[in-house]
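What follows is a short report on a single structure.
The values are calculated or read from the model by the stated rules, or taken from the named source; none is laboratory data. Computed from a predicted structure; not experimentally measured. We place every Cβ from the backbone using ideal geometry, glycine too, and count neighbours over all the protein chains shown.
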Amino acid sequence: MVKHSSAALNRVFAALADPTRRRILSHLARGDKCVTHLARPHDMSLPAVSKHLRILERAGLLRRRRYGRVHEMQLEAKPLKQAAQWVEEYRKFWEGSLDRLADYLQKTTRQSSKKKT
């Protein structure tokens with residue numbers, strides 16, 4: 001299993017739990033954006049959007065660059081990749097478990113069918 005920092009994964013999943021933050025990441029996936037541009041589609045104040053951005057920054061999901069008074073945000077995909085790897089390990093586990101359950105059910109169904117005939 002891939003080893004990742006539990007605290008880092010917790011921050012990433014907590015950041016991704018909010019739909020506004022997921023939409024912000026979606027916007028940033030199309031290219032770097034300034035804070036005011038990211039705030040436009042959301043029905044909230046600039047300070048509220050800034051709080052979301054700080055949570056994403058703490059999770060390592062974005063990087064802030066300053067050009068004078070303009071703050072430009074850039075998506076940082078590495079933590080998303082690590083979270084995806086963590087989820088993938090559990091997907092493999094559950095698929096294997098479900099495959100074994102399906103095999104068991106087929107075997108017991110065949111055995112019960114043979115007993116009835």
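Before moving on, here are some points about what is shown:
- Candidate set: the stretch 44-74, residues that are surrounded by 12 or more Cβ atoms within 10 Å (Cβ to Cβ), in contact with a strand residue (DSSP E or B) (Cβ under 6 Å, 6 or more places away or on another chain) and not charged (D, E, K, R); chosen: the one nearest to Arg11 (Cα to Cα): Leu56
- Flag for His37 being more than 30 Å from Phe93 (Cβ to Cβ), surrounded by 11 or more Cβ atoms within 10 Å (Cβ to Cβ) and at pLDDT below 95: yes
- The residues of the stretch 9-19 that are surrounded by fewer than 15 Cβ atoms within 10 Å (Cβ to Cβ) and in contact (Cβ under 8 Å) with a residue 12 or more places away in the chain, listed by number, are Phe13, Ala14, Asp18.
- Conditions (1) more than 17 Å from the chain's Cα centre (by Cα); (2) among the hydroxyl-bearing types (Ser, Thr, Tyr); (3) closer than 24 Å to Ser6 by Cβ; number of the one not met by Tyr90: (1)
- Flag if Val70 is among the β-branched types (Val, Ile, Thr) and in contact with a Cys (Cβ under 7 Å, 6 or more places away or on another chain): yes
- From the options Ser113, Ser97, residue that is surrounded by fewer than 10 Cβ atoms within 10 Å (Cβ to Cβ) and among the small types (Gly, Ala, Ser): Ser113
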